[in-house]
Amino acid sequence: MTIVVFVGSLLLAMAMGIPIAFSLLASGVALMWHLDLFDAQILTQNVIGGADSFPLLAVPFFMLAGEIMNVGGLSKRIVDFALALVGHVKGGLGYVTIMAGCLLSALSGSAVADAAALTALLLPMMVRAGHDKPRAAGLIAATGVIGPVIPPSIGLVIFGVAANVSISKLFLAAIVPGLLIGGALWITWAWLVRREKIVPPPRKSSAEIAAAFRNALWALMLPVIILVGLRMGVFTPTEAAVVAAMYALFVSTVVYREITWKDLYAIFVSAAKTSAIVMFLIAAAMVSAWLITVADLPSKIVGMLQPFMGNQMLLMIAIMVLVMVVGTAMDMTPTILILTPVLMPVVKAAGIDPVYFGVLFIINNSIGLVTPPVGTVLNVVAGVGKISMDDVTRGVVPFMLAEFAILFVMVAFPQLVIVPARWFGG
């Protein structure tokens with residue numbers, strides 16, 4: 001009955017059009033009434049306490065870094081460098097999209113920001129080159145999924161805080177899985193584009209490639225600084241977010257000089273608005289997280305999943321299918337905040353590595369950003385690229401299936417995540 005009250009009130013509030021943050025509060029209040037625990041003071045304390053976290057400071061700083069990078073020319077220079085490298089091969093613009101997506105993922109950690117930047121820069125070029133517009137838009141949307149996987153990742157930060165798992169270990173463990181997703185997209189694009197009659201642009205000379213590399217060098221140094229700093233223990237993930245924001249600000253204003261001091265106000269306001277939405281979601285979800293613990297929902301979920309507890313692979317498959325279903329109707333952040341406190345006790349009871357689970361959980365939630373009907377990234381690509389939602393959905397299907405295939409390969413072979421994570425983590 002407790003599960004029915006919680007899930008039913010949440011779904012009812014969402015069906016009524018109430019924003020997800022307030023729906024989480026409503027479901028929390030409903031659960032409090034059901035448990036005869038309603039107290040406005042407890043509600044307020046949990047909301048305030050939910051956002052009062054030092055690791056969560058990484059979220060607004062990574063948001064700010066992403067805004068600065070897109071406005072300040074870092075994203076454009078990375079795309080130009082990828083164009084110089086592989087733009088000349090058949091379907092080269094698709095490979096440019098995947099390369100640029102992986103590099104941008106190591107800068108912003110946001111699927112929406114990466115998808116918007118890639119759509120604005122590359123979709124018109126791909127259409128002019130003769131590529132099918134829905135397919136090109138689908139590739140860009142699927143590439144945006146890599147953003148929350150390759151560190152720095154806002155999704156991994158939120159999961160780390162909610163699950164009490166080392167964010168540094170999550171960051172280092174997600175590098176190889178993110179690159180594997182990029183590889184899956186590369187193979188899928190190569191298979192789809194083989195029949196297209198596209199005339200690629202001429203190969204860039206060595207001098208032009210070197211010039212593009214020099215122009216992008218300052219942007220390319222940022223992921224190196226962050227990953228080396230985390231690996232060597234120079235700074236924490238929260239401090240890495242500050243380093244990313246300050247470095248992007250320095251490069252954009254002093255080196256590239258594409259941002260003036262007058263532009264900073266609008267950039268800061270945009271980043272603050274996006275951060276406020278995410279942080280309020282987190283604060284509201286902490287009420288539900290506390291009540292989930294009080295109501296002992298995890299033990300009830302463990303009981304429901306008991307038939308799978310003896311086999312870690314079957315349990316992971318069951319959980320991944322559950323997250324896939326939820327991801328079709330709910331955005332990434334609320335899904336993480338709602339399911340993490342429910343699933344983590346199950347994962348620990350089954351003896352599954354929390355870091356390994358966290359990486360796969362975030363990958364699944366990231367793919368949920370391109371699964372219809374909600375598909376936040378699909379909406380972004382459709383809006384920026386001036387293309388219908390139906391066309392983007394049709395174009396993204398083969399790439400989405402490739403990403404799910406890689407996810408379940410990692411479920412079947414955990415060593416693909418665990419071994420590189422141990423190597424990067426020392």
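The values are calculated or read from the model by the stated rules, or taken from the named source; none is laboratory data. Note that the structure is a prediction, hence the values are computed from the model and not measured. Don't worry about glycine lacking a Cβ; one is built from the backbone with ideal geometry, like all the others, and counts go over all protein chains shown.
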Residues of the range 265-290 being surrounded by fewer than 16 Cβ atoms within 10 Å (Cβ to Cβ) and more than 26 Å from Ala162 (Cβ to Cβ), in sequence order, are Tyr265, Ala266, Phe268, Val269
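Please enumerate the residues belonging to the range 372-401 that are in a helix (DSSP H, G or I) and surrounded by fewer than 21 Cβ atoms within 10 Å (Cβ to Cβ). Steps first, answer last, please.
Residues of the range 372-401 that are in a helix (DSSP H, G or I), as a first pass: 376-385, 389-401.
Once the filter is applied, which keeps residues that are in a helix (DSSP H, G or I) and surrounded by fewer than 21 Cβ atoms within 10 Å (Cβ to Cβ), the range 372-401 yields Thr376, Asn379, Ala382, Gly383, Val384, Met389, Asp390, Asp391, Arg394, Val397, Pro398, Leu401.
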Scan the range 74-110 residue by residue and report those that are polar (S, T, N, Q), over 19 Å from Ile187 (Cβ atoms) and in a helix (DSSP H, G or I).
Ser75
Could you list, in sequence order, the residues of the range 320-331 that are assigned to a helix (DSSP H, G or I) and in contact (Cβ under 8 Å) with a residue 40 or more places away in the chain?
Met320, Val323, Met324, Val326, Gly327
Within the range 226-266, considering residues that are within 22 Å of the chain's Cα centre (by Cα) and of a type in the set (S, T, N, Q), the one nearest to Val71 (Cα to Cα):
Thr238
Report whether or not Pro202 is surrounded by fewer than 15 Cβ atoms within 10 Å (Cβ to Cβ), touching a His at 6+ places or on another chain (Cβ under 8 Å) and either closer than 30 Å to Val242 by Cβ or not hydrophobic (A, V, I, L, M, F, W, C) (or both).
yes
Considering Leu291, Leu230, which residue is in a helix (DSSP H, G or I) and within 30 Å of Gly28 (Cβ to Cβ)?
Leu291
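Give the residue that is nearest to Leu401 (Cα to Cα), with candidates limited to residues of the range 351-381 that are hydrophobic (A, V, I, L, M, F, W, C) and modelled with pLDDT under 90.
Step one: filter the range 351-381 for residues hydrophobic (A, V, I, L, M, F, W, C), giving 352, 355, 357, 359-363, 367, 369-370, 374, 377-378, 380-381.
Still in the running and modelled with pLDDT under 90: 369-370, 374, 377-378, 380-381.
Working: Leu369: 13, Val370: 11, Val374: 17, Val377: 16, Leu378: 15, Val380: 20, Val381: 18 Å.
The extreme case among them is Val370.
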Tally, over the range 157-208, of residues that are hydrophobic (A, V, I, L, M, F, W, C), farther than 18 Å from Ile363 by Cβ and in a loop (DSSP other than H, G, I, E, B):
2
Given the criteria surrounded by fewer than 24 Cβ atoms within 10 Å (Cβ to Cβ) and either touching a Cys at 6+ places or on another chain (Cβ under 9 Å) or farther than 26 Å from Glu196 by Cα (or both), does Leu37 qualify?
yes
Of the listed residues (Val254, Val224), the one being modelled with pLDDT under 85, out of contact with any Phe, Trp or Tyr (no Cβ under 9 Å at 6 or more places or on another chain), surrounded by fewer than 15 Cβ atoms within 10 Å (Cβ to Cβ) and of a type in the set (A, V, I, L, M, F, W, C) is Val224
Looking only at the range 332-348, decide whether some residue is crowded, with 21+ Cβ neighbours inside 10 Å, under 30 Å from Asp132 (Cβ atoms) and touching a residue at least 60 places away in the same chain (Cβ under 8 Å).
yes
If Ser53 satisfies every condition in (1) out of contact with any helix residue (DSSP H, G or I) (no Cβ under 6 Å at 6 or more places or on another chain); (2) part of a loop (DSSP other than H, G, I, E, B); (3) of a type in the set (S, T, N, Q) but one, which is the exception?
(1)
Condition first: of a type in the set (A, V, I, L, M), crowded, with 24+ Cβ neighbours inside 10 Å, in contact (Cβ under 8 Å) with a residue 24 or more places away in the chain and closer than 20 Å to Thr371 by Cα. Can you find one or more residues in the range 174-184 that meet it?
yes
Going by the conditions given, is Leu103 modelled with pLDDT of 80 or more, farther than 17 Å from Gly368 by Cα and of a type in the set (A, V, I, L, M)?
yes
Residue in the range 278-328 that is modelled with the lowest pLDDT, counting only those that are touching a helix residue (DSSP H, G or I) at 6+ places or on another chain (Cβ under 6 Å), closer than 11 Å to Val342 by Cβ and not aliphatic (A, V, I, L, M):
Pro298
